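Reading through the structure tokens given below for one structure.
The values are calculated or read from the model by the stated rules, or taken from the named source; none is laboratory data. Since this is a predicted model, take the numbers as computed values, not measurements. Cβ placement follows ideal geometry from the backbone for every residue including glycine, while neighbour counts extend to all protein chains displayed. Heads up: the accessible areas ignore ligands, DNA and RNA and are worked out on the full protein's heavy atoms, side chains in. Shrake-Rupley method; radii C 1.70, N 1.55, O 1.52, S 1.80 Å.
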Amino acid sequence: MDLRIKGSKYLIFEINKSVTKDNRPYIKVILMDKDGNTFNGIMFDSNKLKFDPEKGHIVEVIANIQHYNGQPQFKILDMSLVEGENRFDFFPKTENDVDKMLIEMKNLIFQNINNRYLVELLNKFFNDKEIIEKFKVIPAAKNVHHAYIGGLLEHTFSVVKLALILSDYYSQDIDKELLVVGALFHDIGKLFELTIDESFDYTEDGKLLGHLLLGIDLINKYISQIDGFPSRLKSLINHMIASHHGILEYGSPKKPKTKEALLLHYIDDMDAKLNTFKSLLEKEKVDEGWTSYDRLLERQIFNHNSNY
């Protein structure tokens, strides 16, 4: 028996408009509630709606909840546009205090950086108020890892802390200061790659250039304002940003060619994938047992909940 929902409010997070083989218009949507939960929905004969639905709209929905390919789906019967709601209230958010995270990360970084050029570079960054305000809200991705408000800051802080731990472990081989700066800046181009104006989406520059090039451009802008900044140090920082995806198939224009770049790649990948595991388990509310098959991870995830 289908379950009916009526009058609940959702953000249209994604929308795709198309027509059936018999030329009937329909829409597929991803709806998001105020708890950050997402729901797939489909509506046939969508031309009967009294408004033209777009990404970022807040809507009230009447729908039957069905199952399609083993997953719940809203068969939408009607939608109405809701005015006066703040779409920001519907976005998923980090559970951590962003201001506290930022202060803790900044203090931790400065405690471990002594090179005067790197200190000046860090000051340029942390004193850029417009950039820092964006840093506190932008997600780390549109829909994969840390895909929530404050996700980029949370992910970066994790990578910085892991960089410090592993640089101490490999203290004879790793330049700690270089690695920590790379950890801070590896994803900084996402400030320009992603937007949260209507929903989580890519900017035009994000689609055309990507966060690796955009991040290098930002860091080089700061470096250009620092007299005598060593050209090799600039290249080493740029290389860590350019290569942190690890392999060409994942979008890196270069494979890691320094020890710091290699370590940064694995730290970043580990933190991103663990967060993806966590998000999938939370989304499907799996306290113990298996999730459904995840197309991006190419596997099911098992939560043993420490029950052996």
> Quick one: net charge of I226's neighbours, Cβ under 12 Å, K/R +1, D/E -1?
Replying inline: +2
> Along the charge dipole of the range 54-205, which of M101, I174, L191 sits closest to the positive end, that is, farthest toward it, with unit charges on the beta carbon of Lys, Arg, Asp and Glu (+1, +1, -1, -1)?
Replying inline: I174
> Heavy-atom accessible area of D89 with all protein chains present, probe 1.4 Å, nearest 10 Å²?
Replying inline: 70
> Is the range 92-282 best put as rounded, prolate or oblate by its Cα gyration tensor, with a ≥ b ≥ c the root eigenvalues, rounded for a/c under 1.5, and otherwise prolate when a/b is larger than b/c, oblate when not?
Replying inline: rounded
> Long-range amide H contacts for D78: which residues qualify at under 5 Å (H placed 1.01 Å from N, peptide plane, sequence gap of 5 or more or a different chain)?
Replying inline: I62
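D for the range 4-88, whole µm²/s, Stokes-Einstein with Kirkwood Rh over alpha-carbon pairs at 20 °C and 1.002 mPa s: what number? Present the calculation step by step, with values, prior to reporting the outcome.
Working: Rh = 13.0 Å.
Roughly 165 µm²/s, to the nearest whole number.
Net charge near L213: determine it from the other residues with C-beta under 10 Å of the C-beta of L213, scoring Lys and Arg +1 and Asp and Glu -1. Write down the numbers at each step before the final one.
Values: positive: none; negative: E193, D205, D217.
Net local charge, L213 excluded: -3.
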> What does the accessible area per residue of the range 233-308 come to in Å², with a 1.4 Å probe and no ligands, DNA or RNA counted?
Replying inline: 64
> In the range 81-141, what GluC sites (Glu not before Pro) fall in a loop by DSSP, with at most 13 other Cβ atoms inside 10 Å?
Replying inline: E83, E95
> Which value, in debye to the nearest 20, gives the size of the charge dipole of the range 4-88 about its Cα centre, when Lys and Arg are +1 and Asp and Glu are -1 at the Cβ?
Replying inline: 240
> Considering only DSSP states other than H, G, I, E and B, which trypsin sites (Lys or Arg not before Pro) in the range 30-122 qualify as loop sites with at most 10 other Cβ atoms within 10 Å?
Replying inline: K50
>> Can you give me the long-range amide H partners of D294? Hydrogens built in the peptide plane at 1.01 Å from N, cutoff under 5 Å, separation of 5 or more residues or another chain.
In response: R299, Q300
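So which GluC sites (Glu not before Pro) in the range 275-308 end up in coil per DSSP with only 11 or fewer other C-beta atoms within 10 Å? Numbers along the way, then the final one.
Numbers: sites: E282, E284, E288, E298; in loops: E284, E288, E298.
Here the sparse-neighbourhood loop sites are E288, E298.
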> Mind checking the angle between helix 151-169 and the chain's longest principal axis? C-alpha axes, 0 to 90 degrees, to the nearest 10.
Replying inline: 40
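Report in % the part of the accessible area of the chain that belongs to carbon and sulfur, leaving out ligands and nucleic acids; probe 1.4 Å. If you can, show how the numbers build up before the last one.
Numbers: 8240 of 17020 Å².
Here carbon and sulfur together make up 48 percent of the probe-accessible area.
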> With a sphere of radius 13 Å drawn around the Cβ of N238, what net charge do the other residues whose Cβ falls strictly inside it have (Lys, Arg +1; Asp, Glu -1)?
Replying inline: +3
> With +1 on each Lys and Arg Cβ and -1 on each Asp and Glu Cβ, how big is the dipole of the range 210-277 about its Cα centre, in debye rounded to the nearest 20?
Replying inline: 240
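When ligands, DNA and RNA are left out and all protein chains stay put, how many square angstrom of accessible area per residue does the range 4-88 have with a 1.4 Å probe? Spell out each step's value before the answer.
On the way: 5050 Å² over 85 residues.
Value for the range 4-88: 59 Å² per residue.
Taking the Cα centre of the chain as the origin, how large is its charge dipole in debye, to the nearest 20, when only Lys and Arg (+1) and Asp and Glu (-1) carry charge on their Cβ atoms? Let's see the in-between values first.
Details: 39 positive and 46 negative charges, 100 e Å.
For the chain, the charge dipole is close to 480 debye.
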>> Given the options Y68, L31, V82, identify the residue whose Cα lies farthest towards the positive end of the charge dipole of the range 4-88 (+1 on Cβ of Lys, Arg; -1 on Cβ of Asp, Glu).
In response: Y68
> What angle do you read, to the nearest 10 degrees and between 0 and 90, between the alpha-carbon axis of helix 259-283 and the longest principal axis of the chain?
Replying inline: 20
> What angle, in degrees between 0 and 90 and rounded to the nearest 10, separates the Cα long axis of helix 176-185 from the longest principal axis of the Cα atoms of the chain?
Replying inline: 30
> Got a sec to turn the phi values of the range 118-131 into Karplus ³J(HN,Hα) couplings, 6.51 cos²θ - 1.76 cosθ + 1.60 with θ = phi - 60°, whole Hz, x for Gly and Pro?
Replying inline: 5, 4, 5, 4, 5, 5, 4, 5, 5, 8, 7, 4, 5, 5
>> Report the Cα centroid-to-centroid distance between the range 135-185 and the range 17-69 in angstrom, as an integer.
In response: 37
> Taking a threshold of 18 Å on the Cα-Cα distance, which of the pairs K28/K55; K176/K278; K190/K259; K106/K136 fall above it?
Replying inline: K176/K278; K190/K259
